[in-house]
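Peer 1: Provided herewith is a single structure, encoded as structure tokens, for subsequent inquiry.
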Amino acid sequence: MFDINGGELIIIVVLAVLLIGPERLPGYAAQLASLVKRGKRLLQDTKARVDTELGPEFKDVDWSKLDPRQYDPRRIVRDALMDDDDAPAPAPRAAAAAGGAAAAAAATRTSDEPRAAVPAPFDDEAT
């Protein structure tokens, strides 16, 4: 949250000891601890109140699915194109040219059978 590493934390503690003084530092540390405890208790109470006011239908919502950072336009287009169950599956060219059983199997494929996933090309300049 604050992005403070160990060395920076030590410098802050040393400055606090020097500026506040060793006689007042325990009192300020106790006040900070009580403030953190009150903040934690406030957040827990607020979460419990929101859960009770929204009701049980919002408890099973998967909020990670609604995260806008997960949306990739390439994946959305690929899924939309792969979801076209109404169109017949194209037969492979080599099997269709040979007139083999693979062409007949591809033509009679049902929509319940899984399709082979084709990965989208990765463009690291676009990310």
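The values are calculated or read from the model by the stated rules, or taken from the named source; none is laboratory data. These figures come from a predicted structure and were not determined experimentally. A quick note on method: Cβ atoms are made from the backbone with ideal geometry, for glycine too, and the neighbour counts reach across all protein chains shown. In case anyone asks, the SASA skips ligands and DNA or RNA and just uses the protein heavy atoms, side chains included. Shrake-Rupley method; radii C 1.70, N 1.55, O 1.52, S 1.80 Å.
Peer 1: Given the options L19, L15, name the one that is exposed (fewer than 10 other Cβ atoms within 10 Å of the Cβ), at negative phi and either modelled with pLDDT of 85 or more or not in a helix (DSSP H, G or I) (or both). If you could, list the steps in order and put the result at the bottom.
Peer 2: Numbers: L15 fails: exposed (fewer than 10 other Cβ atoms within 10 Å of the Cβ).
After applying the criteria, what remains is L19.
Peer 1: Any residue at all in segment 67-78 that is modelled with pLDDT of 60 or more, of a type in the set (D, E), in a loop (DSSP other than H, G, I, E, B) and open to solvent by less than 80 Å² (accessible area, probe 1.4 Å)?
Peer 2: Keep residues of segment 67-78 that are modelled with pLDDT of 60 or more, which gives 67-78.
Now narrow it down to the ones that are of a type in the set (D, E): 67, 72.
From the residues that got through so far, the ones that are in a loop (DSSP other than H, G, I, E, B) too are 67, 72.
Now drop any that are not open to solvent by less than 80 Å² (accessible area, probe 1.4 Å), which leaves 67, 72.
Within segment 67-78, one or more residues are modelled with pLDDT of 60 or more, of a type in the set (D, E), in a loop (DSSP other than H, G, I, E, B) and open to solvent by less than 80 Å² (accessible area, probe 1.4 Å).
Peer 1: Evaluate segment 30-38: report whether one residue or more is open to solvent by less than 80 Å² (accessible area, probe 1.4 Å) and either modelled with pLDDT under 85 or polar (S, T, N, Q) (or both).
Peer 2: To start, the set of residues in segment 30-38 that are open to solvent by less than 80 Å² (accessible area, probe 1.4 Å) comprises 30, 33-34.
Subset that is either modelled with pLDDT under 85 or polar (S, T, N, Q) (or both): 34.
Scanning segment 30-38 turns up at least one residue that is open to solvent by less than 80 Å² (accessible area, probe 1.4 Å) and either modelled with pLDDT under 85 or polar (S, T, N, Q) (or both).
Peer 1: Right, something else. From the list T46, T52, pick out the single residue that is loosely packed, with under 10 Cβ neighbours inside 10 Å, modelled with pLDDT of 80 or more and farther than 30 Å from P121 by Cα.
Peer 2: T52
Peer 1: Hey, S111 hits all of (1) within 35 Å of the chain's Cα centre (by Cα); (2) over 30 Å from A126 (Cα atoms); (3) modelled with pLDDT of 80 or more; (4) surrounded by fewer than 10 Cβ atoms within 10 Å (Cβ to Cβ) but one; which does it fall short on?
Peer 2: The failed condition is (3).
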